[in-house]
Every structure is written in structure tokens, then in C-alpha cells.
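Structure first, then comments.
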Amino acid sequence: MSLNFPVIIKTLSFVTILVGVSMIPSALVSVFYAEYDVAILFFMIIVPVLSIGMAVSVRIRAKASRLRLREGYLAVALSWLLASLIGCLPYLTTGTIDGFINAFFEAVSGFTTTGASIVTDVEILPKGILFWRSFCQWLGGMGILVFAISILPALGIGGQNMAKAETPGISLSKMAPRITDSAKILYIIYIIFTLAAVIFLKLGGLGFFDSVIAALGSMSSGGLSNYNEGISHFNSGYVEFIAAFFTVLACINFTLYYNIIQGKWKQFFSNSELRTFLIILAVGGLFIAANLWLTGSYDSIGESLRHGLFQSTAFITTTGHFSANYNLWPAFSKAMLLLLMLIGASSASTGGGIKVIRIIALFKLIHKGIYMRLHPSAVVPVKIQGKIISSETVSGITSFLSLYAFVFVLSVLVLSLENLDFLTTFSTVAATLNNVGPGMEIAGPGGSFAMFSGFSKIYFCFLMLMGRLELFTIALLFTPSFWNPDR
């Protein structure tokens, strides 16, 4: 069965409109801060983008139909690519970033909530551009198409398969009867948390603009900042605590919050992924803090705990905030940070990484394998949360982990051609594939990806998109059977 391209193009036209509308707040920020030249350039982008999006939407007469799964995958991949292509225009027109590849890298990093940057001095950027960088990651945090589904039900196109392709770990249909209602619930929770983060950061003495940028970076798990030193610029334990707290909230499975709304508190607190996520975060942070204190990296155990717990939170949530220059930390602490970076956040959250639920399943499969060696005839089902995992789910998890390992190793080999030190190469692959942002050594705290070649930057964009869309959405496009399902 051939792909229904009109329905895909119509979907892309609405994404075009969405990105165009999303630029309006940035233009208004420029006006507020008297950056009138930047505001004019924003509107010079907004008008044609909206015009093209609306014209295509009206002209394409796609039959109102259910978007099939194959079309959903293609629509999602093209939507993120299109959003990034449009999103890089403000950087190019304002001259704040030189070259298409650099601007595209910055846009992809924002929309995928990676938070990696090629900008060496963000503090000289106009306020409107700084807001655009942060707003891109906030919009990408919950997913561009989940947002589109929530506010554009007039599409007349079934959205479940788009949501399934974009957020494999979440089943919106289990939250509310209609996909649009579920998407709205997610974004209402997301917006409430973001506004609360702004308020609490403002109470900590931050200016309103700083509070907004920090809140957008924390809730999206993107971590982009308007200061070169990131969160460490404020040198405030309170600000670090608030940023970490809301980052953790953003990296808990959002469907669990719906349980709270329904009064199902027991389901929230008994969730195995949530408990495991918090345990890994706490234990990892305490191990790092102990290592920092015992090696004399900090004079007091209080400072060691502050930075150890904050940095472990920043890495397991894939936010990439930094409260200190962890490049100077002992090898054990850096190894722990890399491990947390790979594990990642909970499923159906704004965070990236392998995801805790897959780590739980992996260890249960390992346990089953060991047990079966001792008891070959035993029937040992794999259970999570007291429920038996289907063979299809087990196959999906093992396939994901295998593909992840293949892509990771291949990427380390490809990027080693840059001839940088191994830790920089390894950590930047981990940082982009897991949507963390900063890596280590050259690309560590306060560093940038500017030193990489154009080829490597494009490759990093590929990794960021693969990581954000959980590998298979992109990988499927490279299989012959996707384009010829009859094979």
C-alpha cells in the first residue's frame, strides 16, 4: 500500500504554521528590549513562513483519514527536520550564527532538547535570539506533534500513530478517550510546571528574563542558558535546588501525573520505574559526593553533596545543567556521570537516554537468562510492576538496546576521525545520542561544539534526532521494506 503523501504534506503545513507562530513571542521579546532590528527580522521570517504554511494547508486537499503507522513515522521525522530548518532562520538572518550548518545544528539541538551549542559566547546574543533558543527546546520537550495534536484537532487526521511514532514510551489513549484530550492534559501539566518554575526561580532573586530562560531549560530537559557558565553563573544553592527539582518533575513519566489528577496516589508512588529512577539518581549523587569529598575536590561534605547531587540530577535527566566544572573532578565521578547520562530519564517524559524502564527490563532479562542456565526446563516470565511483559515487548527492548549499541559504537568510530581525545569523542556521542548537551573535556562545561568539522556537526544532528525519536523512527526510513511494504 503506497504512502498517502497529501496527508503527510498537510501535516507538515500545520507544523510550518506552528513554528511560525512560535516565533512571535521571540519577536515581542525583541521589541520589549528595544532590539527593533532583530524584531523586524523575526517578522520578516514569520510572515512568509505562515503564508506558505497556510497556502499549502488550503491548497492540499488531503482526504480526512486515519494516519497509518508508516505515514506517522515519516510525518514525525519530516516534521522535526522541517521545524529545525525553519528554526535556524532567525540565527542566519540576524547574523548571530555564521553558516547554515552551525545554525541548523543550533536549531536541531534546541528542538531535540539536547542543549549542545556551537555558540562560544551566548551572553552577546540579543535577548530575542536567547529566548528563541530556549523556546525551541521547551516546544520540543513535550514533542512538536503532541503539541500540534493538542491545539489543531481540525486537522481531520488521526493523531494516534503520529504520537506513537514520536513518543514510543507513551500511550495517550490510556489517559483519555480522545487523543486530543490526552495531548491537552500533557501540555496543561507541562505549562503549569513551567510557570511554577518561573515563580520559584524569581523568588530566588533572579530577574524575570533569567527565571524564564532557566525554567524553559529545566522543564524541557534541554538546559540551554543565557549565560556561558549556565546555572553556575548564579552561584546559588537555592537556584540549583529549584532547577533540579523541576528537572526531576519533568523527567518523571507524565502519565503518572494524570493518576494524581484522578486521585490514584498509590499508582504514582508504587510505580517501579519512578522508584528506580529516584534511587539511581540518589545513589549516583551520593557516590559522586563521597568521591569528591574523599579526594579533596571540595573542602566540606556540604559542598560535595551540593555539586554531586545536582550534577547527577542534571545528567540522569539529560538536562546538562552544570553547577561546577566537572572536567576537574576525579575519574570515578566523571565515569558515574557518563553512566547516568546513558541510563537517562523515565519513559514518557521530556528526558532522553536509554530510559529507566528499559534498564529495569534488561536486568530482569539477565536474571532470567542466569536462572534458565540453572533450571533449563523452568518457565520464567519477565514481570514489571507485577505484569508479565509480552514477547513482543521483550523483542522491542532487546532490538532497541542492540540498535543503540550499534549506533553508539559506529558513531564513536566515525567521530574519532576528528582526532580529538577519546573522552571528548565518547562523551560527545553520548551527549548527542542521549540528548544531554555538554560532554566532557573540550565539549564540557562552558565549552562548545564549534571546533568540530561541518561533517561532524551534521552527524551530531543526525544523532540528536535519532535520540529524540528513540532510534527506530529514523532507522525505519533507511529500510527498503518501509518504502516497499510488499517486499
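The values are calculated or read from the model by the stated rules, or taken from the named source; none is laboratory data. Note that the coordinates shown come from a computational prediction; the quantities given were computed from them, not determined experimentally. Neighbour counts run over all protein chains shown; Cβ positions are idealised from the backbone, glycine included.
Only one of the numbered conditions (1) at pLDDT 95 or above; (2) hydroxyl-bearing (Ser, Thr, Tyr); (3) surrounded by 15 or more Cβ atoms within 10 Å (Cβ to Cβ) is not met by TYR36, and that is (3). Within the range 184-215, the set of residues being among the aliphatic types (A, V, I, L, M), touching a residue at least 24 places away in the same chain (Cβ under 8 Å) and either not assigned by TED's automatic domain parsing to the domain that holds ALA244 or not in a loop (DSSP other than H, G, I, E, B) (or both) comprises ILE185, LEU186, ILE189, ALA196, ALA197, LEU201, VAL212, ILE213, ALA214, ALA215. Residues in the range 86-101: is at least one under 23 Å from LYS10 (Cα atoms), out of contact with any Gly (no Cβ under 8 Å at 6 or more places or on another chain), modelled with pLDDT of 95 or more and assigned to a helix (DSSP H, G or I)? Yes, the conditions are met somewhere in the range 86-101. SER377 falls short on exactly one of the conditions (1) more than 28 Å from the chain's Cα centre (by Cα); (2) modelled with pLDDT under 90; (3) not in a loop (DSSP other than H, G, I, E, B), and that condition is (3). Tell me, yes or no, whether the range 167-182 has at least one residue that is crowded, with 24+ Cβ neighbours inside 10 Å, modelled with pLDDT of 95 or more and among the hydrophobic types (A, V, I, L, M, F, W, C). The answer is no; no qualifying residue exists.
The set of residues in the range 110-127 that are small (Gly, Ala, Ser) and farther than 14 Å from SER456 by Cα comprises GLY110, GLY115. Selection within the range 266-298: residues that are touching a helix residue (DSSP H, G or I) at 6+ places or on another chain (Cβ under 9 Å) and in a loop (DSSP other than H, G, I, E, B). The member of this set that is surrounded by the fewest Cβ atoms within 10 Å (Cβ to Cβ) is THR295. Name the one entry in SER347, SER377 that is more than 15 Å from THR276 (Cβ to Cβ) and among the hydroxyl-bearing types (Ser, Thr, Tyr). One residue alone meets the criteria, SER377.
Quick test for you: out of SER236, SER218, pick the one residue that is buried (at least 16 other Cβ atoms within 10 Å of the Cβ), touching a residue at least 60 places away in the same chain (Cβ under 8 Å) and not aromatic (Phe, Trp, Tyr). After ruling out the rest, the residue left standing is SER218. A single entry from ILE260, ILE280 fulfils the requirement of being under 30 Å from ILE384 (Cα atoms) and free of Cβ contacts under 8 Å to residues at least 12 places away in the same chain: ILE260. Being within 19 Å of the chain's Cα centre (by Cα) and not hydroxyl-bearing (Ser, Thr, Tyr) is the filter; apply it to the range 299-321 and report the residue that is surrounded by the most Cβ atoms within 10 Å (Cβ to Cβ). For the range 299-321, the residue satisfying everything is PHE315. Among the residues of the range 408-439, those identified as buried (at least 24 other Cβ atoms within 10 Å of the Cβ) and hydrophobic (A, V, I, L, M, F, W, C) are VAL429, ALA430, ALA431, LEU433, VAL436. Test ARG70 against the stated conditions and say whether it is in contact (Cβ under 8 Å) with a residue 40 or more places away in the chain, farther than 18 Å from CYS461 by Cα and not in a helix (DSSP H, G or I). Judged against the criteria, ARG70 is not a match.
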